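S.K.: Attaching a single structure in structure tokens format; questions to follow.
The values are calculated or read from the model by the stated rules, or taken from the named source; none is laboratory data. Owing to the predicted nature of the structure, the values given are computational and were not obtained by experimental measurement. Positions of Cβ are backbone-derived with ideal geometry, glycine not excepted, and every protein chain shown enters the neighbour counts. Note: areas computed on protein heavy atoms with side chains; ligands, DNA, RNA excluded. Shrake-Rupley method; radii C 1.70, N 1.55, O 1.52, S 1.80 Å.
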Amino acid sequence: MQVPLLDLKAQYATIKSDVLKQINEVLDSQVCIGGPKVAELEQKIAQYSDCKFAVGVSSGTDAILGCLMSLGIGNGDEVITTPFTFFATAGCIARVCAKPVFVDIDPKTYNITPALIEKAITKKTKAIMPVHLYGQMADMDAIMAIAKKHNLAVIEDAAQSIGSIYKGKKAGSIGNFGCFSFFPSKNLGGIGDGGMVVCNDEKLAVKMKLMRDHGQNPTYYYNFVGGNFRLDPIQAAALLVKLPHLEQWSAGRRKNAEYYNKKFAGSKVGVPFISPDCITIYNQYVIRVANRDALAKSLKEKGVGCAIYYPLPLHIQECFAYLGYKQGDFPQSEKAAKEVLALPIYPELTDEMQDYVVQSVLEVTK
Ligand SMILES: *Cc1c(COP(=O)(O)O)cnc(C)c1O
């Protein structure tokens, strides 16, 4: 049996005619930049995320970059984040010429450890960027308390966590900014690149809106240097079809996760820990095993898709050598990088497929 890590064709089959109809409307209108589809998606994502404002952008990466630029973070500034995340989180900090300052993760949730943040704060610290990894939100009450005490901005990297909930609050709605990605493998995936910034501060929302369009206001008059971070209306059209299904798709992932949890109970497979404060959206279902590389190899041979998110923490990536970190600086991140493995969790998985995944995993780990 073949069980891919993700099967987007299975999802597309259920919405194909609606997507084609929406895209045709864009093509017939020939409004090829911005326009009503982007505005409608922004309004609906703002509502879905319990935020006042949403600004469509070209990717999750550009969402993060635009937020840093809108907050005026740049040369000489420091931003605290986790080394156990997708590259863009820290890459964007470096791209605005600020310094990424890493803080280790909690080994249970894989999210930044709030108790370690204060030690990393200096006079140059301007912001904290927690990442809601794999679909579960970071401990935002603790993070916001530190931010308030030290007068720091908070940018939530919620690229993997749209619709996720922490103590009744939606991902992206707690910090100064929240960033979503519509990369096709995210729970709400476009048919190409796309992203969204959400916030509750009108001034920041206006700045972000200008930032995605070179900072021009009015046209051809530039108050500050922005970029072309605009969301494509074809993406907005496809996402408008998918958004109404998102809750149900994320619930399907949670159901699949419960099934795995039950089947892995009592084995050597470490299943995801979900805090009682959180409702996760399981962008990834990540297990933890001592013999991870052997397991990954065996699963691939058996036709079971799996992936390592992420194999090398950011503090020891070559491009960040100039920051001066070394192996051993963040032991929890380094250990997780050696033991984590994501299994297929997409909502269209059948019981037979899940049973095959479970059997294939237990053969190696028992
Ligand atoms: C996907 C992702 C991003 C970047 O999103 P893109 O749309 O691919 O640019 C940023 N941060 C995290 C944690 C992500 O998972």
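S.K.: So which residues in segment 94-128 are over 14 Å from residue 154 (Cβ atoms) and either within 12 Å of the ligand (Cβ to nearest atom) or of a type in the set (A, V, I, L, M, F, W, C) (or both), if there are any at all?
M.R.: Those that are over 14 Å from residue 154 (Cβ atoms) and either within 12 Å of the ligand (Cβ to nearest atom) or of a type in the set (A, V, I, L, M, F, W, C) (or both): 94, 96, 97, 98, 101, 102, 105, 110, 115, 116, 120.
S.K.: Which one of these is touching a helix residue (DSSP H, G or I) at 6+ places or on another chain (Cβ under 8 Å) and open to solvent by 10 Å² or more (accessible area, probe 1.4 Å): 37, 123?
M.R.: 37
S.K.: Only residues that are small (Gly, Ala, Ser) and either more than 16 Å from the ligand (Cβ to nearest atom) or not in a helix (DSSP H, G or I) (or both): list them for segment 306-336, please.
M.R.: Within segment 306-336, 307, 321, 324, 328 meet the criteria.
S.K.: From the residues in segment 40-53 that are away from the ligand (no atom under 16 Å from the Cβ) and closer than 22 Å to residue 214 by Cβ, which one is most open to solvent (accessible area, probe 1.4 Å)?
M.R.: Top of the filtered list is 53.
S.K.: Name the one entry in 91, 56, 76, 66 that is away from the ligand (no atom under 14 Å from the Cβ) and either open to solvent by 10 Å² or more (accessible area, probe 1.4 Å) or at pLDDT 95 or above (or both).
M.R.: 76
S.K.: Among the residues in segment 197-204, are any closer than 21 Å to residue 34 by Cα, under 15 Å from the mean Cα position of the chain (by Cα) and crowded, with 21+ Cβ neighbours inside 10 Å?
M.R.: There is at least one residue in segment 197-204 that is closer than 21 Å to residue 34 by Cα, under 15 Å from the mean Cα position of the chain (by Cα) and crowded, with 21+ Cβ neighbours inside 10 Å.
S.K.: Identify all residues within segment 57-112 that are of a type in the set (Asp, Glu) and closer than 22 Å to residue 209 by Cα; write none if there are none.
M.R.: 62
S.K.: Run residue 81 past the list (1) within 11 Å of the ligand (Cβ to nearest atom); (2) within 17 Å of residue 283 (Cβ to Cβ) and report the number of the one that doesn't hold.
M.R.: All conditions pass for residue 81, except number (2).
S.K.: Report the residue count in segment 114-132 for those that are touching a residue at least 40 places away in the same chain (Cβ under 8 Å) and either over 16 Å from residue 144 (Cβ atoms) or not assigned by TED's automatic domain parsing to the domain that holds residue 150 (or both).
M.R.: Matching residues across segment 114-132 total 3.
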